[in-house]
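**Q** First the structure, which I've put down as structure tokens, then a few questions once you've had a look.
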Amino acid sequence: MSENGKIKAIVATDCGSTTTKAILIKLVDGEYRLIVRGEAPTTVEAPFEDVTRGVLNAIREVEELSGHEILDGEDIIHPNDGTRGVDLYLSTSSAGGGLQMMVAGVVKSMTAESAERAALGAGSIVMDVMASNDGRLPHEQIERIRHLRPDMILLSGGIDGGTITHVVELGQIIAAADPKARLGAGYNLPVIYAGNKDATEEVVKLLEEKTSLYKVENLRPVLERENLGPARDKIHDLFMEHVMAQAPGYGKLMGWTDAPIMPTPGAVGSMIEAIANRQGIEVVGVDIGGATTDVFSVFQNTFNRTVSANLGMSYSVSNVLAEAGIDNVMRWVPFKLPELSVRNRIKNKMIRPTTVPQALDDLKLEQAIAREALRLAFVQHKNFAVSLKGVQQERTISEAFSQSASGATLVNMMDLDLLVGSGGVLSHAPRRQQAAMMLIDGFLPEGVTRLAVDSIFMMPQLGVLAEVHEQSATEVFDKDCLIHLGTLVAPVGTGQEGKPCIKLETTLPDGTAVNEDIPFGEMKVYPLGVGETASVKVTPARGFDAGAGPGKPFESTLSGGVVGLIVDTRGRPFNLPTDESERVKRLDKWAAAFDAYPTS
Amino acid sequence: MAHAYTPGLRVSEKTVVRKERRLPIKGEVVVAKGDRVTSESIVARTHLPGNVQLVNVASKLGLPPEDLPSVMLKKGGDPIEKDEALAITQGFFGLFKSKVPSPCEGTVESISTVTGQVILREPPSPIEIDAYIDGEIVEIFPEEGVVVETVGTFIQGIFGVGGEKTGEIAVVVDGPGQPLDASLITEAHKGKIIVGGSHVKWDGLQKALEVGAAGIVVGGFDDPDLKRLLGRDLGVAITGHEDLATALILTEGFGEMAMAHGTFDLLKSREGKKASINGATQIRAGVIRPEIVVPLEADAESVQEAEGSITGLEIGSLIRAIREPHFGSLGRVTDLPNELRQMESESMVRVLMVEFEDGEQALLPRANVEMIEG
């Protein structure tokens, strides 16, 4: 690999389950910029069964669009000689179902939850969480392991120096199940042991012959602290060695890349974590895909990721309907549509997942489903992103009254500074206003929150790039990846339609003075462009909190975006009218405030 | 532009169909290469390891785990009967003995002095794999399975439920646009694969289940009826394990829509012939579509295969619209413009111009059409 200073051209791919996306980054006038993006169908399945075909097709599209020669036949030209070739080639992958794991720990809400956090943080889908106290009988747990056929198992349990009995019992259950790997009949299933170090010898005796056993440091050495890094790193190594190496064509792809292939969600997660650390802010990121929705958050310096394995916009679209219920989906649809028609349309999207909404009504229905998928995925995330359970806390008298128990969610919407959306339905929404509305309705941010979307869904590639060349990843991320939608002001509290909610005072960059009392139940958008800021005074009415406390005014400099400065006085908690005609009227009014859809 | 292709469902009048038949774990292959088999022939068998039972003998006897070996009557690998004593304490002077009986028949798999557990494994259960289609064994995977090959008609559906079935094809409608009413299904259709036209309603499906039909192949079905059939809202399209006497295969999708002419005519031409069908569908990585295989009396050399070739869309290609507002309509491609075009939804997409069968012209996203063979 070239030295950092000499890197002039980079190509990075993300092999998704349906599409392989390639981006070309070049050093232009001293800074790294995205040049073009190309895509092609992923070719993991028959008749190709070779992921590199899709990679070459996507890179070829990049070549054609940019005029920059990258391929010599089927070889990537290395290094860049000024006119052709690239200095770095990197890739992420979620093709073939991504990384699917099963985790086990002694206590469900403690070591098992830490193990789940480690697996999710590494970018895996967690198929099941097994624990000594999960309510299942041993034979049921054994049956489950046999049935699932994960890519690997992470076994944890016990703090160092504690009792070894329970974690050894879990080892016995895994040994009795004699688990087989999902891919490749001829090799042993990888099992990572990250539990009580005193039980290592017994676990080795049980599992060494039946599985490929790897030992790492305990992921919960003491109750008060997690140590997820070693387990996470080992998962990444094994993902490459075992899972990727078994997938069609990956052996070849691994030979092409200048750094290990990362699981796509792992790469996106490290990007989100980097934003939070660099800016010192609380961040939520979401990637809504066809099959799954990933939510990432950093609150109180703690990174969390959840994957809702069956919430998505194509393969899993029908499951959004099943989980949310038809009424919850239809509440966002601003027109009447018979239930039979809605159900059949959604099923048809499920069985033909690559189709796109051609008609406007179809787009609105799809965006209604997206709101529910985002909402449900975020509910799961809030329940998972919690402080460590089982930790004794010292409380003062006043804290004892407030009862902030261990295991409380870390997600505090009032503290959230930035919400980043990514994935086809958000990144490719025909108008950015639609993406802003989906994010607001799906997440219901509180107080003051900046909104952004990943312009063309390139966070995965930038995530893996950041591992080897941070400067280029950061520059492209700041200039070409994030599209700032604007800042949202959303007071908490409820009231009556039309009654006072907040007062907004500011002077917009074009000189327009705003001094407006905005009643309850409105959506307002003020022009405040990308790179522009405005000093805004917000005075909430009694009972409403816009960030400084109930009824307390504040002044702040807010930044703009392609949508602008958004004020949402629809209340938190948010409720839609139950009367159909009133509901449709309001949805239309709010969409009109955003200029979200074309008017016929 | 990189090579773009539009996936279509396969509808082949005569092709070579190969089916892998594999055991879930290693076992014994009971046929040889070159053997002729029928769909019912057993090709491989094995024994699945029995269930495991864990008995905490130490805790039942109130002993520390490390004392377990001194009270065990059985050692690892020993067979054991249900209720036979696993372990016994000495008691006082031979009195007040406590024993732990085995909860099942099986073998002692392991004894742990760390946890005090004894692991018992129940006897293995046999499983057999049949050939699924009439044909010839052309490849053997030692201890794992075989490949069965036949020359026949091969039709893929878009979605199905229910596993593998065989039966004679019975076409009960006059044309691809006619719905499959309950009145068209009789006792004579027991064990048959009923081919309908555009749609089957709940009562039609119920009638097929009542008479014991092996399967229904039809254009469309309604989602609320699917929910009723499965007893749950199907969230993800992974099917095939439903316990249904009658498999259901949709050739077009959800809602009422005429079966493609080519598919219908082909099925009609195979009326009375034995077919193997499988409703199993998996729309995820590793896409599996439901299928209908009708073995024919022909050899592989007679087939001019175009298998595996992915044809791109061309002017004149026959396509079907697979999304509103033209869902289900068939037509021919009249133009393939290169540049992106804006749809009513304002999405900028690659498009094609199509002339539908009724003469109407429309601009459609390329992603919203499916190629039809023939």
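The values are calculated or read from the model by the stated rules, or taken from the named source; none is laboratory data. What you see is a predicted model; the values in this text were computed from it and never measured. Every residue, glycine as well, gets a Cβ built from its backbone with ideal geometry; the counts of neighbours run over all protein chains shown. All accessible areas refer to the heavy atoms of the entire protein, side chains included, with ligands and DNA or RNA removed. Shrake-Rupley method; radii C 1.70, N 1.55, O 1.52, S 1.80 Å.
**Q** Could you order A:Thr163, A:Thr506 so the one with the most accessible surface comes first? Probe is 1.4 Å.
**A** Values: A:Thr163 85, A:Thr506 10 Å².
Ranking A:Thr163, A:Thr506 by accessible area, largest first, yields A:Thr163, A:Thr506.
**Q** Give the percent of DSSP beta bridges with both residues in chain A that are antiparallel, rounded to the nearest 5. Numbers along the way, then the final one.
**A** Details: 68 of 108 bridges.
Bridges in chain A are about 65 percent antiparallel.
**Q** To the nearest 20 Debye, how big is the dipole of chain B about its Cα centre, given +1 on the beta carbon of each Lys and Arg and -1 on that of each Asp and Glu? Write out the running numbers ahead of the final one.
**A** Numbers: 37 positive and 57 negative charges, 245 e Å.
So the dipole magnitude of chain B works out to roughly 1180 debye.
**Q** Follow-up. For chain B, set up a Gaussian network in which alpha carbons nearer than 10 Å are linked by springs, and say which option among B:Thr263, B:Thr46, B:Thr251 fluctuates the most.
**A** B:Thr46
**Q** A follow-up question, please. Which lysines does B:Lys201 reach when only Cα atoms under 16 Å apart count, and residues fewer than 8 places away in its own chain are ignored?
**A** B:Lys227
**Q** Just reorder B:Glu187, A:Glu241 by solvent-accessible area, largest first, 1.4 Å probe, all chains present.
**A** The most accessible residue leads, giving B:Glu187, A:Glu241.
**Q** Is chain A rounded, prolate or oblate when judged by the Cα gyration tensor, a ≥ b ≥ c being the square roots of its eigenvalues, rounded requiring a/c under 1.5 and prolate requiring a/b larger than b/c?
**A** Details: a/c = 1.65, a/b = 1.24, b/c = 1.32.
Judged from the Cα gyration tensor, chain A comes out oblate (a/c at least 1.5, b/c at or above a/b).
**Q** Further question on the same structure: In deg cm²/dmol and to the nearest 500, what is the mean residue ellipticity at 222 nm of chain A if only DSSP H runs of at least 4 residues count, each as -39500 (n - 2.57), divided by the residue total?
**A** -10000 deg cm²/dmol
**Q** Please state the shape class of region A:113-209: rounded when a/c is under 1.5, otherwise prolate if a/b exceeds b/c and oblate if not, all from the C-alpha gyration tensor.
**A** Details: a/c = 1.37, a/b = 1.27, b/c = 1.08.
Judged from the Cα gyration tensor, region A:113-209 comes out rounded (a/c under 1.5).
**Q** Given C-alpha coordinates of region A:16-66, what is the ratio Rg to Rh with the Kirkwood estimate of Rh?
**A** On the way: Rg = 12.8 Å, Rh = 11.5 Å.
Here the Rg-to-Rh quotient is 1.11.
**Q** Check A:Asn133: other-chain or 5+ apart residues with amide H under 5 Å from its amide H, H built from backbone geometry?
**A** Correct list: A:Lys108.
**Q** Using DSSP to call loops (not H, G, I, E or B), can you name the GluC sites (Glu not before Pro) in region B:336-370 whose Cβ has at most 13 other Cβ atoms within 10 angstrom? Don't skip to the answer; put the middle values down first.
**A** On the way: sites: B:Glu339, B:Glu344, B:Glu346, B:Glu355, B:Glu357, B:Glu360, B:Glu370; in loops: B:Glu339, B:Glu344, B:Glu346, B:Glu357, B:Glu360.
In loop regions of region B:336-370 (DSSP not H, G, I, E or B), the sparsely surrounded GluC sites (Glu not before Pro) are B:Glu339, B:Glu357, B:Glu360.
**Q** List the lysines whose alpha-carbon lies under 26 Å from that of A:Lys589, not counting same-chain residues fewer than 8 positions away?
**A** Within reach: A:Lys336, A:Lys364, A:Lys499, A:Lys503, A:Lys524, A:Lys537.
**Q** Please list, in order along region A:35-44, the HN-Hα scalar couplings obtained from phi with the Karplus expression 6.51 cos²θ - 1.76 cosθ + 1.60 (θ = phi - 60°), rounded to whole Hz, x for Gly and Pro.
**A** 9, 8, 10, x, 8, 7, x, 5, 10, 7
**Q** Using the heavy atoms of the protein chains and a 1.4 angstrom probe, tell me the accessible area per residue for chain B in square angstrom. Before the final figure, lay out the partial values.
**A** Working: 16800 Å² over 374 residues.
Value returned for chain B: 45 Å² of accessible area per residue.
**Q** Go through region B:321-369 and name the trypsin sites (Lys or Arg not before Pro) that are in a DSSP coil and have 13 or fewer other Cβ atoms within 10 Å of their Cβ. It would help to have the intermediate numbers written out before the result.
**A** Values: sites: B:Arg323, B:Arg332, B:Arg341, B:Arg350, B:Arg366; in loops: B:Arg323, B:Arg350.
Filter output for region B:321-369: empty list.
**Q** What residue among B:Ser198, B:Ser269, B:Ser39 has the largest mean-square fluctuation in a Gaussian network model of chain B, using Cα springs under 10 Å?
**A** The residue with the greatest mean-square fluctuation here is B:Ser269.
**Q** Using the Karplus curve 6.51 cos²θ - 1.76 cosθ + 1.60 with θ = phi - 60°, what ³J(HN,Hα) values do you get for each residue of region B:248-259, in whole Hz, with x for Gly and Pro?
**A** 10, 10, 9, 8, 10, x, 8, x, 9, 8, 4, 5
**Q** Also: For chain B, what is the mean residue ellipticity at 222 nm derived from helices alone (per DSSP H run of n ≥ 4: -39500 (n - 2.57); sum divided by total residues; nearest 500 deg cm²/dmol)? Don't jump to the answer; show the numbers that get you there.
**A** Values: 5 runs with 36 residues, N = 374.
Counting only the DSSP helices, I get -2500 deg cm²/dmol.
**Q** For B:Lys165, give me every one of the lysines with a C-alpha distance below 20 angstrom, ignoring sequence neighbours fewer than eight places off in its own chain.
**A** B:Lys19, B:Lys190, B:Lys192, B:Lys207, B:Lys268, B:Lys273, B:Lys274
**Q** What residue among B:Ile322, B:Ile194, B:Ile249 has the largest mean-square fluctuation in a Gaussian network model of chain B, using Cα springs under 10 Å?
**A** The residue with the greatest mean-square fluctuation here is B:Ile322.
**Q** List the GluC sites (Glu not before Pro) within region B:62-109 that fall in a DSSP loop (any state other than H, G, I, E or B) and whose Cβ has at most 12 other Cβ atoms within 10 Å.
**A** Values: sites: B:Glu66, B:Glu81, B:Glu84, B:Glu105, B:Glu109; in loops: B:Glu81, B:Glu84, B:Glu105.
Here the GluC sites (Glu not before Pro) that fit, given the DSSP loop and packing criteria, are B:Glu81.
**Q** May I pose another question? Report, as an integer, the average count of C-beta atoms from other chains found within 10 Å of each Cβ along B:344-351.
**A** Working: counts 9, 15, 9, 9, 2, 4, 0, 1.
So the per-residue partner count for this stretch is 6.
**Q** Among A:Thr539, B:Leu54, B:Gly272, which residue has its Cα positioned farthest towards the positive end of the charge dipole of the protein assembly as shown, with +1 placed on the Cβ of Lys and Arg, -1 on the Cβ of Asp and Glu, and the dipole taken about the Cα centre?
**A** Most positive-ward Cα: A:Thr539.
**Q** Same structure, new question: Assigning unit charges at the beta carbon (Lys, Arg +1; Asp, Glu -1) and nothing else, what dipole magnitude in debye, to the nearest 20, does region A:141-300 show about its Cα centre? Working shown, then result.
**A** On the way: 15 positive and 21 negative charges, 82 e Å.
Dipole of region A:141-300, to the nearest 20 debye: 400 debye.
**Q** Here's a follow-up. Counting Lys +1, Arg +1, Asp -1, Glu -1, what net charge surrounds A:Leu444 among other residues with beta carbon under 15 Å of its beta carbon? Present the calculation step by step, with values, prior to reporting the outcome.
**A** Values: positive: A:Arg331, A:Arg371, A:Arg375, A:Lys382, A:Arg570, A:Arg572; negative: A:Glu372, A:Asp415, A:Asp441, A:Glu446, A:Asp545, A:Asp568.
My count for the surroundings of A:Leu444 gives 0.
**Q** Quick check on region B:158-289: take the gyration tensor over C-alpha atoms, sort the square-rooted eigenvalues as a ≥ b ≥ c, and tell me if it's rounded (a/c under 1.5), prolate or oblate.
**A** Working: a/c = 1.37, a/b = 1.31, b/c = 1.05.
Verdict is rounded for region B:158-289.
**Q** How big is the antiparallel share of DSSP beta bridges in region A:4-95, given as a percent to the nearest 5? Working shown, then result.
**A** Values: 19 of 26 bridges.
For region A:4-95, the DSSP antiparallel bridge percentage is about 75.
**Q** Still on this model: Using R₀ = 45 Å, calculate the FRET efficiency as 1/(1 + (r/R₀)^6) where r is the Cβ-Cβ separation of A:Asp160 and B:Arg10; round to 0.05.
**A** Working: r = 58 Å, r/R0 = 1.28.
E between A:Asp160 and B:Arg10, to the nearest 0.05, is 0.20.
**Q** Using each residue's phi in region B:59-74, evaluate 6.51 cos²θ - 1.76 cosθ + 1.60 at θ = phi - 60° and report the 3J(HN,Hα) Karplus result to the nearest Hz, with x for Gly and Pro.
**A** Per-residue couplings from phi come out as 6, 5, 9, x, 10, x, x, 5, 8, 4, x, 6, 10, 6, 9, 10 Hz.
**Q** Given H placed on each backbone N at 1.01 Å, which residues far from A:Thr20 in sequence or on other chains put an amide H within less than 5 Å of it?
**A** The answer is A:Ala40, A:Thr42.
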